[in-house]
Structure formats: C-alpha cells, structure tokens
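Student: Here you go, one structure.
The values are calculated or read from the model by the stated rules, or taken from the named source; none is laboratory data. Every value quoted in this text rests on a predicted model; they were computed, and no experiment measured them. Please note: Cβ atoms are built from the backbone with ideal geometry, for glycine as well, and neighbour counts cover all protein chains shown.
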Amino acid sequence: MTGPAGAETATIQVTIDGREVTVPAGTTILDAARDLGIDIPTLCHHETLSPAASCRLCVVEVEGRPNLMPACATELVDGMSLQTESEAVVEARKLILDLLLSDHPMACITCEQSGGCTLQEYCYRYGVEASTFEGDKRKLPIESDNPMIERDMNKCILCGKCVRVCAEVQVTNAIDFTERGFESQIAASFDNPLATDFCRFCGQCADICPTGAIANKQLKGTRTWDRKKVRTTCPFCGVGCNFDLNVAGGKVTHQAGEHRPGPGRPRSVLFVDGLAAGRAQLVDLRVGGLILGRDAGVADQASDWPGGGGDEGGHGVFRRVFGPFVHY
C-alpha cells in the first residue's frame, strides 16, 4: 500500500468480529470497524474532533486484554483480535446507558431532539427503557437569554463534544467544563449566559450535541422527521464550502455547517450558522436549481445564480450582512 506521496505505508493484519482484514498501521478500532460496515455506538466521538474516550460506549473486547478498550482511542496492532458486540461489551453498554438515564429527564415525548437524539437511539437499540438507579437529579435552570440557542444542562451527558468543537473547530473557547462530580456542567466563564462578546453563536455546539441539551431556537416547533436536509454551497467567498439547509413546510428553518473535510478546509467548515440562519432571509441561495428568496421560502425555478439580490452578488451581500467577522 502506498501513501499520498507514493511512499510505502505499513499495514497490519487484524481480526474484527471473526473477519480478517488488512489496515494501515495507526488505524483506530473504530475507523477500521466502520470501514467494514460495523456500527460501534459513540456519544463523545466525532471524526473532526480529537478523541476524548469519555463516554466509554464504544468499548470493545480485545483478546488478551484484561479490560474493555475504547474503540475511538485505541489503535490496532498487528495480530489483534477483537469482538465489537460480545456479551461483556453489550452488558457494559447497557450499564453505561442505565447510568446516563439515572440523571436524565425522561421527557422524550416533548423534547425537541426526539427522533434525532443519539442517546434515545442507543437506548432503543439496547433495550434500556429506564434507569434502575435511584438518587438525586440535577435541577438546573434553562438558559434562554439569547435569541439563538437554548441550553438545558439537565439533558447534558457531559460528552464534551460542544466544548471541543468550540475550541478546536471554531477556535473560540466560549464554553468549558465547570464544577466537579455531580455538580459538573458545561458553562461559559463565571457561569455567565452566552453573549456576543465571547460567543460567535455559530451554532456548531447545537449541531453536534447528541441530546437536546443545546437546542437551536429556530428549529423549535418542527420535529426532526418533518425537516428535510438540502445540500447547498455558501456564496460568501470562493472556497465553496458546503452546508445543509433544513427545510420544513417549504421554508428554511435552519442551516448547519458541514462537519466533514473539503476543499480549503482540512478538518471542517467554519460556517456561521447561528446568526447566519436568522439572517439568511436577506440573501438568495440556490439549492439544486431552486432559489430560496428573501422570505426564506422556495421561489421559482432558476438556472443561474441570482447574485444574492441586487448587483452586489452573494459575496457582497454576505459581507455586508455578516461583516468581516465570519471565519472560514
């Protein structure tokens, strides 16, 4: 096997769920399993973020190892043999989900994230209906002081994805872990509410949250199964970053940055989709030949770029509306 520059890349032989495969040295268990179509559950992992291995839901059983190993942070070694759904692995995952539910509001019926909640999906997958543990539950106030994001830390599972996407992708560090033990939560400095003086309201924390702890207010009132994602291209500059428009009832409800590498962005697009989503009504966007006009609705069919309204073009309008603070 050869690398990008044509140099030989070392490979190793491993066995995953009884299947012998050859992978490049340095490949993690999670990446190798996904390449084989094996779905290992994760709550804290994202391919554009550094591995945290904090949720432990991705643990697998490795032959010869005394403990279950986190698949997201364990690199394969030559000759390794492992099971991704052994009895011990399934029991461990059930226990982790049981513990998470012990301090999680059982309000799935009215939760805005219902149907798109990763925790809900895995509880269904492993048959965990309720927690068997009894004890105190957090009763934290819901933070809703801004027009874009609502934070309910009672639903937070402390996976840390919002902290890492804010630090590593948006490079803002607006939020972080605070307190210790049972009192642990994600908050801004000095537990202040989110504000524009230190938060860009890019919305990436809401997009990447696996539960309903961080919700985009523009999505409230529309269920996940009512929204259709449509891929389009940002007209702000010449990089050509892609992002998804969430469309419900013929209206754009929200837009989300693309969290995969692409031209000009080796890790992830830094599209400002929080404030931008509210102001997208000012700009015409083309989506597969359909023009999303100033009222954020689907307008008439068109074959060419409308220029974002007037003679400025999409680039000029975005720069005028959002200003030079938009980062890519």
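Student: Looking for something surrounded by 22 or more Cβ atoms within 10 Å (Cβ to Cβ), at pLDDT below 85, in contact with a Leu (Cβ under 6 Å, 6 or more places away or on another chain) and not in a loop (DSSP other than H, G, I, E, B) - is there at least one such residue anywhere in region 208-222?
Tutor: Checking region 208-222: not a single residue is surrounded by 22 or more Cβ atoms within 10 Å (Cβ to Cβ), at pLDDT below 85, in contact with a Leu (Cβ under 6 Å, 6 or more places away or on another chain) and not in a loop (DSSP other than H, G, I, E, B).
Student: Here is a follow-up. Check Thr84 against each of (1) closer than 30 Å to Val23 by Cα; (2) surrounded by fewer than 19 Cβ atoms within 10 Å (Cβ to Cβ); (3) among the polar types (S, T, N, Q) and name the one condition it does not meet.
Tutor: (2)
Student: Evaluate region 147-166: report whether one residue or more is over 26 Å from Arg56 (Cβ atoms) and in a loop (DSSP other than H, G, I, E, B). Talk me through it step by step, then tell me what you get.
Tutor: Of the residues in region 147-166, the ones over 26 Å from Arg56 (Cβ atoms) are 147-150.
Filter once more, keeping what is in a loop (DSSP other than H, G, I, E, B): 147-148.
Yes, there is a match, as at least one residue in region 147-166 is over 26 Å from Arg56 (Cβ atoms) and in a loop (DSSP other than H, G, I, E, B).
Student: Same structure, new question: Identify, by number, the condition in (1) surrounded by fewer than 17 Cβ atoms within 10 Å (Cβ to Cβ); (2) closer than 30 Å to His254 by Cβ; (3) at pLDDT 95 or above that Asp17 doesn't meet.
Tutor: (2)
Student: Now for a separate question. Given the structure, is Val163 farther than 23 Å from Asp98 by Cα and buried (at least 17 other Cβ atoms within 10 Å of the Cβ)?
Tutor: On the way: farther than 23 Å from Asp98 by Cα: yes; buried (at least 17 other Cβ atoms within 10 Å of the Cβ): yes.
Answer is yes for this residue.
Student: May I ask you to list the residues in region 111-125 that are crowded, with 17+ Cβ neighbours inside 10 Å and assigned to a loop (DSSP other than H, G, I, E, B)? Spell out the reasoning first.
Tutor: As a first pass, look at region 111-125 and keep what is crowded, with 17+ Cβ neighbours inside 10 Å: 111-113, 116-120, 122-123.
Those that are crowded, with 17+ Cβ neighbours inside 10 Å and assigned to a loop (DSSP other than H, G, I, E, B): Cys111, Glu112, Gln113, Gly116, Cys117.
Student: Looking only at region 170-201, how many residues end up being touching a residue at least 24 places away in the same chain (Cβ under 8 Å), buried (at least 17 other Cβ atoms within 10 Å of the Cβ) and among the small types (Gly, Ala, Ser)?
Tutor: Qualifying residue count for the region: 2.
Student: Can I ask one more? When only residues in region 39-61 that are touching a residue at least 24 places away in the same chain (Cβ under 8 Å) and aliphatic (A, V, I, L, M) count, which is farthest from Val163 (Cα to Cα)?
Tutor: Filtering region 39-61 for residues touching a residue at least 24 places away in the same chain (Cβ under 8 Å) gives 40-50, 52, 54-61.
Keeping just the survivors that are aliphatic (A, V, I, L, M) gives 40, 43, 49, 52, 57, 59-60.
On the way: Ile40: 23, Leu43: 14, Leu49: 10, Ala52: 11, Leu57: 19, Val59: 22, Val60: 26 Å.
The qualifying residue farthest from Val163 (Cα to Cα) is Val60.
Student: So, one more: I want to confirm something. Restricting to region 236-254 and keeping residues that are modelled with pLDDT under 75 and part of a loop (DSSP other than H, G, I, E, B), which single residue is surrounded by the fewest Cβ atoms within 10 Å (Cβ to Cβ)?
Tutor: The selected residue is Gly238.
Yes/no matrix, rows are residues, columns are (1) surrounded by 14 or more Cβ atoms within 10 Å (Cβ to Cβ); (2) of a type in the set (S, T, N, Q); (3) at pLDDT 95 or above; (4) in a helix (DSSP H, G or I):
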{"residue": "Gly6", "(1), (2), (3), (4)": "no, no, no, no"}
{"residue": "Ile12", "(1), (2), (3), (4)": "yes, no, yes, no"}
{"residue": "Gly37", "(1), (2), (3), (4)": "no, no, yes, no"}
{"residue": "Thr42", "(1), (2), (3), (4)": "yes, yes, yes, no"}
{"residue": "Leu57", "(1), (2), (3), (4)": "yes, no, yes, no"}
{"residue": "Val60", "(1), (2), (3), (4)": "yes, no, yes, no"}
{"residue": "Arg65", "(1), (2), (3), (4)": "no, no, yes, no"}
{"residue": "Ala73", "(1), (2), (3), (4)": "yes, no, yes, no"}
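Student: Being over 21 Å from the mean Cα position of the chain (by Cα), exposed (fewer than 14 other Cβ atoms within 10 Å of the Cβ) and of a type in the set (Lys, Arg) narrows it down to one residue among Lys94, Lys139; which is it? Steps first, answer last, please.
Tutor: Numbers: Lys94 fails: exposed (fewer than 14 other Cβ atoms within 10 Å of the Cβ).
Answer to the selection: Lys139.
Student: Also, I was wondering about something else. For region 148-199: of the residues being more than 16 Å from the chain's Cα centre (by Cα) and of a type in the set (Gly, Ala, Ser), which is nearest to Leu49 (Cα to Cα)?
Tutor: Ala174
Student: Being more than 18 Å from Glu112 (Cα to Cα) and within 18 Å of the chain's Cα centre (by Cα) is the filter here, so list the residues in region 223-244 that pass it.
Tutor: Result: Val230, Arg231, Cys241, Asn242, Phe243, Asp244.
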